[in-house]
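Taking it in order: structure first as structure tokens, then the write-up.
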Amino acid sequence: MKVDFLGLIIIVVLLLGSLTTLVYPLFLPSTSDKGDGLSVVRLGQNTKGHFTRPTLLFAYITFATVILIVDYQHFASWYSYVVRAVDTAVVPGAPSTLELVSAGPFPVLYRFLIAADLLALAIVMPAPLTKKLQVVWTATVYAVFVVSLDALLTVFATMTHLPIGSLSLEGVLVDLFVATFVYLRIVTVTYQLPRPTVLPLLRPKRPLQSSAVIVTVAFLVVSISLSVYFLSLDRSIANFILLLPLFATPTFYNLAFVFFFFLGKKPDTMDSVTYDPINVIMPAFNEAESIATVISYLDAAASTYLGKVYLIIGDDGSRDRTVEVAEEALARCEALDGIVLRLEHGGKAAALNAALRTAVSEIVVRIDADTYVLPGCFTPLPRWFRNPEVGMVGALSAPRTDRGDRWFQKMRNFEELRLFGFNFLSLEYVDSVSCVPGTFTAFRREPALAMDGFVEGMNGEDSDFTMQFGRLGYQVVYDTDIRILEDVPVTLAEFREQRVRWNRASLQTFFRHSPFTAGNEGPRVWFSMIRNMSMRGVSIMRGAAPIALLALLAKADLHSVDLAVILAVVVEFALTAIVFVILAVHYKRARLLPWLITWPIFLALKRVIQMESLFTLPIRKSYLEEVPEKEETTLALRG
């Protein structure tokens with residue numbers, strides 16, 4: 001077989017050049033952050049969110065998905081023609097890409113959906129024209145990369161006669177993996193982000209946990225690849241398996257989480273006959289209406305603990321009667337002692353740090369001023385902290401219902417069951433828990449002081465706090481015997497405000513601990529956080545696909561919908577429902593199950609707000625803005 005090696009070299013150069021262009025900005029530390037890299041972040045002002053732009057983006061992607069699903073054969077033929085034109089420059093007479101793989105043309109859908117995402121984002125995003133053009137440039141580079149990759153894989157399949165082609169499952173997974181870097185590149189070059197943390201990376205190697213993650217992911221990918229190969233005679237089934245990464249990504253991770261229980265190792269609790277004193281720290285700002293109730297719940301929980309519990313409230317310059325109400329409530333307590341620190345307004349993290357510096361016990365519990373802790377919540381803590389490897393403990397939360405038991409509370413119940421009752425419980429087996437929410441965080445005081453406490457100037461001080469503990473080598477666990485009630489939004493406006501803040505926090509925390517600039521913190525980063533970013537990278541695309549299918553079904557246009565699409569959607573929601581049913585029964589929340597049918601609506605709403613949060617980040621002044629003076633990048637731990 002005649003091969004034009006010059007043409008082959010050109011394809012390889014295009015492939016490597018486009019890949020380098022996509023990932024290189026991720027290795028450049030942010031120069032927008034004027035903070036110290038440890039406990040202070042200084043970025044521009046966040047902008048106000050607008051629901052219109054992300055809604056238009058979601059509608060556009062939904063429309064594009066409908067068109068692509070209905071007429072994917074036409075798009076696949078066009079794409080195959082382009083790839084074949086490149087192939088014939090290397091191997092004259094090379095067969096069509098579609099003839100070399102058994103799964104058919106359906107995987108081309110991924111390429112076009114990702115490209116549609118990027119172009120829609122460039123149109124809708126509220127940014128200067130130069131930033132929009134950068135997104136278009138990224139889309140162009142992505143197109144060069146996928147065409148070069150598919151052409152190279154096709155040449156490989158032509159020369160080796162192996163069923164490994166660009167439109168196989170392997171090609172789809174590579175494409176989705178690259179989509180994650182495309183998303184991160186756009187965020188990096190467009191928005192102001194925190195610089196990487198300079199806290200020393202002291203995490204010891206834990207080969208068992210890291211190996212468990214690698215083996216699990218490899219096993220699932222190989223199993224699905226073999227399934228595609230052996231079921232290739234049934235085109236619909238093969239297409240169905242290829243669609244799972246798009247429609248059923250949560251299902252893939254749910255399977256991985258199950259494996260973690262068997263392959264990983266959870267930190268052990270230690271027998272404890274002593275009940276060490278516990279300091280509770282709580283920030284408060286204009287909480288006069290609820291803080292007395294919060295303190296009464298703490299008093300009830302303290303009465304069930306055999307040790308001393310002391311509450312330190314950091315009042316963040318409240319303008320109402322928060323201080324007076326808190327002091328009156330503390331005076332009425334029977335088992336709880338405490339103090340209120342009168343502070344100037346400096347933000348939640350500043351109030352937390354003031355309270356932390358006042359604490360004296362080795363075990364500290366941070367709660368929010370709207371959290372109700374339940375009796376018995378302190379009792380398990382001494383046993384966990386007897387293990388020197390454990391640095392932080394989280395709780396199982398449920399929504400408060402004193403403001404009503406509305407739809408958002410019911411949806412949050414399902415989130416909490418999945419996150420705290422399953423996901424994080426499995427992730428702790430492989431040292432991969434990336435966040436313990438500030439609603440209830442038990443931790444060691446000395447390491448917290450050594451890293452200057454909670455970061456100021458960004459959202460997500462709780463998730464960053466968790467990641468910092470991981471850098472110091474501590475493991476993070478969840479104890480479902482610790483129960484709390486958290487405040488949950490009851491209106492759409494409250495929900496939007498909360499989720500915009502949470503999504504900003506996820507992005508800012510990722511770039512503070514990016515594996516490209518902050519070092520390898522273990523699977524907590526390269527699995528958990530990369531997983532979160534990968535799901536964000538295709539979030540709108542995944543959210544739009546089921547809606548597009550429902551629109552087609554509503555028109556009774558079944559003949560234009562591949563059976564694989566229907567199977568993928570059914571599997572996604574059926575398996576998700578099974579997980580929720582098991583968890584709801586196990587944690588005695590089965591009364592919520594009739595509301596599970598509205599879960600897809602909640603997911604679609606979350607994905608729209610996720611894009612809204614992206615649009616609220618401050619815009620970078622320029623891609624090549626002035627780099628600050630070089631600073632020492634390693635700090636000695638305080639104490």
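The values are calculated or read from the model by the stated rules, or taken from the named source; none is laboratory data. The structure displayed is predicted, hence computed values, not measured ones. Cβ coordinates were reconstructed from backbone atoms using ideal geometry, including for glycine residues, and neighbour counts include every protein chain displayed. Accessible surface areas use protein heavy atoms only, side chains included; no ligands, DNA or RNA. Shrake-Rupley method; radii C 1.70, N 1.55, O 1.52, S 1.80 Å.
How do the pairs read when you match residues in the stretch 178-200 that are without any contact (Cβ under 8 Å) to a residue 12 or more places away in the chain with residues anywhere that are surrounded by 22 or more Cβ atoms within 10 Å (Cβ to Cβ) and aromatic (F, W, Y), using Cβ under 8 Å and keeping only pairs 6 or more apart or on different chains?
Qualifying pairs under 8 Å: none.
For the stretch 255-295, how many residues meet the condition of being closer than 23 Å to G470 by Cα and either crowded, with 16+ Cβ neighbours inside 10 Å or free of Cβ contacts under 8 Å to residues at least 40 places away in the same chain (or both)?
Qualifying residue count for the region: 15.
Residues being crowded, with 20+ Cβ neighbours inside 10 Å and either in contact with an Asp or Glu (Cβ under 7 Å, 6 or more places away or on another chain) or assigned to a strand (DSSP E or B) (or both): count how many of those fall in the stretch 353-369.
Summing the residues that are crowded, with 20+ Cβ neighbours inside 10 Å and either in contact with an Asp or Glu (Cβ under 7 Å, 6 or more places away or on another chain) or assigned to a strand (DSSP E or B) (or both) in the stretch 353-369 gives 6.
Evaluate the stretch 296-305: report whether one residue or more is open to solvent by less than 10 Å² (accessible area, probe 1.4 Å), among the β-branched types (V, I, T) and either farther than 17 Å from F465 by Cβ or modelled with pLDDT of 95 or more (or both).
No - not one qualifying residue is present in the stretch 296-305.
Determine if the stretch 36-43 includes at least one residue that is touching a Lys or Arg at 6+ places or on another chain (Cβ under 8 Å) and of a type in the set (K, R).
yes
Applying the selection to the stretch 456-483, what residues are acidic (D, E) and either out of contact with any helix residue (DSSP H, G or I) (no Cβ under 6 Å at 6 or more places or on another chain) or outside any helix (DSSP H, G or I) (or both)?
Our first condition is that a residue be acidic (D, E); within the stretch 456-483, this holds for 456, 461-462, 464, 479, 481.
Matches in the stretch 456-483: E456, D462, D479, D481.
Hey, can you tell me all the residues within the stretch 32-69 that are at pLDDT 90 or above, open to solvent by less than 60 Å² (accessible area, probe 1.4 Å) and either touching an Asp or Glu at 6+ places or on another chain (Cβ under 9 Å) or not small (G, A, S) (or both)?
Of everything in the stretch 32-69, those that are at pLDDT 90 or above, open to solvent by less than 60 Å² (accessible area, probe 1.4 Å) and either touching an Asp or Glu at 6+ places or on another chain (Cβ under 9 Å) or not small (G, A, S) (or both) turn out to be S32, D33, G35, G37, L38, S39, V40, V41, L43, N46.
So which of L162, L202, L193 is surrounded by fewer than 17 Cβ atoms within 10 Å (Cβ to Cβ), at pLDDT 85 or above and not in a helix (DSSP H, G or I)? Write out each step before concluding.
On the way: L162 fails: at pLDDT 85 or above; L193 fails: surrounded by fewer than 17 Cβ atoms within 10 Å (Cβ to Cβ).
Exactly one residue qualifies, and that residue is L202.
From the set of residues in the stretch 280-332 that are aromatic (F, W, Y) and assigned to a loop (DSSP other than H, G, I, E, B), which is farthest from P375 (Cα to Cα)?
F285
Look at the stretch 134-155 and say how many of its residues are modelled with pLDDT of 90 or more, over 27 Å from the mean Cα position of the chain (by Cα) and farther than 16 Å from L16 by Cα.
Result for the stretch 134-155: 0.
Scanning the stretch 165-188 for residues that are among the small types (G, A, S) and modelled with pLDDT under 80, which turns out nearest to the chain's Cα centre (by Cα)?
G171
Would you say G453 is part of a loop (DSSP other than H, G, I, E, B), under 20 Å from V390 (Cα atoms) and open to solvent by less than 40 Å² (accessible area, probe 1.4 Å)?
Working: part of a loop (DSSP other than H, G, I, E, B): yes; under 20 Å from V390 (Cα atoms): yes; open to solvent by less than 40 Å² (accessible area, probe 1.4 Å): yes.
Spelling it out, G453 is indeed part of a loop (DSSP other than H, G, I, E, B), under 20 Å from V390 (Cα atoms) and open to solvent by less than 40 Å² (accessible area, probe 1.4 Å).
Which condition number does Q498 fail, the rest of (1) without any contact (Cβ under 8 Å) to a residue 12 or more places away in the chain; (2) buried (at least 23 other Cβ atoms within 10 Å of the Cβ) being met?
Failed condition: (2).
So, in the stretch 132-159, how many residues would count as being open to solvent by less than 10 Å² (accessible area, probe 1.4 Å) and of a type in the set (D, E, K, R)?
Going through the stretch 132-159 one residue at a time, the tally reaches 1.
Can you name every residue in the stretch 370-386 that is touching an Asp or Glu at 6+ places or on another chain (Cβ under 6 Å) and either open to solvent by less than 30 Å² (accessible area, probe 1.4 Å) or polar (S, T, N, Q) (or both)? Break it down stepwise before answering.
Narrowing the stretch 370-386 to residues touching an Asp or Glu at 6+ places or on another chain (Cβ under 6 Å): 370-371, 380, 382.
Of everything in the stretch 370-386, those that are touching an Asp or Glu at 6+ places or on another chain (Cβ under 6 Å) and either open to solvent by less than 30 Å² (accessible area, probe 1.4 Å) or polar (S, T, N, Q) (or both) turn out to be T371, P380, P382.
For the stretch 247-261, does any single residue satisfy the condition of being in a loop (DSSP other than H, G, I, E, B) and out of contact with any Asp or Glu (no Cβ under 9 Å at 6 or more places or on another chain)?
So in the stretch 247-261, the residues in a loop (DSSP other than H, G, I, E, B) come out as 248.
Among the residues that remain, those that are also out of contact with any Asp or Glu (no Cβ under 9 Å at 6 or more places or on another chain) are: none.
No, the stretch 247-261 has no match at all.
Can you tell me how many residues within the stretch 333-342 are more than 21 Å from G307 (Cβ to Cβ) and open to solvent by 80 Å² or more (accessible area, probe 1.4 Å)? Break it down stepwise before answering.
First pass over the stretch 333-342, keeping only residues more than 21 Å from G307 (Cβ to Cβ): 340-342.
Adding the requirement that they be open to solvent by 80 Å² or more (accessible area, probe 1.4 Å) leaves 342.
Adding up the residues that qualify gives 1.
F511: assigned to a helix (DSSP H, G or I), touching a residue at least 60 places away in the same chain (Cβ under 8 Å) and within 19 Å of L199 (Cα to Cα), yes or no? Give the derivation first.
Working: assigned to a helix (DSSP H, G or I): yes; touching a residue at least 60 places away in the same chain (Cβ under 8 Å): yes; within 19 Å of L199 (Cα to Cα): yes.
For F511, the condition - assigned to a helix (DSSP H, G or I), touching a residue at least 60 places away in the same chain (Cβ under 8 Å) and within 19 Å of L199 (Cα to Cα) - is met.
Does G470 qualify as being buried (at least 19 other Cβ atoms within 10 Å of the Cβ) and either free of Cβ contacts under 8 Å to residues at least 40 places away in the same chain or at positive phi (or both)?
Values: buried (at least 19 other Cβ atoms within 10 Å of the Cβ): yes; either free of Cβ contacts under 8 Å to residues at least 40 places away in the same chain or at positive phi (or both): no.
Judged against the criteria, G470 is not a match.
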